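Asker: Have a look at the structure that comes next, please.
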Amino acid sequence: MTNIVYVSLDDQFARVVIRYHGDQVHGEVLNHLQAQFGQLDRIPGQMARGLTQQYNWRGPETEINLTYQASTERGYVFIDSRTLAPRFNDYITDSAE
């Protein structure tokens, strides 16, 4: 792991962003997430091959999105609160004015 960022809104968990590097690390991260949250269903929207791979797991309170860029061997895991993460858009709109 190269970087972990924790984000809160109103002193509550909203998001964790984890960055990593390397194909071997990507395999380990993917295996761990599948072991914890279930095998991928290979539904539309998930790309398991190609230059940019995307995977998603959705629970009742949390959503996990993994994006891996094969060309640069960089991976990103976003763990979001399903209730608080949508409020990021409110903050972006307010600050963009």
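Asker: List every residue pair whose Cβ atoms lie under 6 Å apart, where the two residues are 6 or more positions apart in sequence or sit on different chains, the first residue falls within region 62-77 and is closer than 12 Å to Phe37 by Cβ, and the second residue, located anywhere, is of a type outside the set (A, V, I, L, M, F, W, C) and at pLDDT below 95.
Answerer: Listed by first residue and then by second, the contacts come to Glu63/Asp80; Glu63/Arg82; Asn65/Asn56; Leu66/Tyr55.
Asker: Against the condition surrounded by 10 or more Cβ atoms within 10 Å (Cβ to Cβ), at positive phi, touching a strand residue (DSSP E or B) at 6+ places or on another chain (Cβ under 8 Å) and modelled with pLDDT under 95, how does Gly38 come out, does it pass?
Answerer: Yes, satisfied.
Okay, residues lined up against (1) of a type outside the set (S, T, N, Q); (2) in a loop (DSSP other than H, G, I, E, B); (3) at pLDDT 85 or above:
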site	(1), (2), (3)
Val5	yes, no, yes
Arg15	yes, no, yes
Glu28	yes, no, yes
Asn31	no, no, yes
Gln34	no, no, yes
Ile43	yes, yes, no
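Asker: Quick one: how many residues across region 45-60 are surrounded by 10 or more Cβ atoms within 10 Å (Cβ to Cβ) and at pLDDT 60 or above?
Answerer: Number satisfying all stated conditions: 10.
Asker: Shifting gears a bit: So, of the residues in region 4-20 that are exposed (fewer than 14 other Cβ atoms within 10 Å of the Cβ) and touching a strand residue (DSSP E or B) at 6+ places or on another chain (Cβ under 6 Å), which turns out to be nearest to Thr83 (Cα to Cα)?
Answerer: If we take residues in region 4-20 being exposed (fewer than 14 other Cβ atoms within 10 Å of the Cβ) and touching a strand residue (DSSP E or B) at 6+ places or on another chain (Cβ under 6 Å), then Ser8 is nearest to Thr83 (Cα to Cα).
The values are calculated or read from the model by the stated rules, or taken from the named source; none is laboratory data. Fair warning: this is a prediction, and the values are worked out from it, not measured in the lab. A quick note on method: Cβ atoms are made from the backbone with ideal geometry, for glycine too, and the neighbour counts reach across all protein chains shown.
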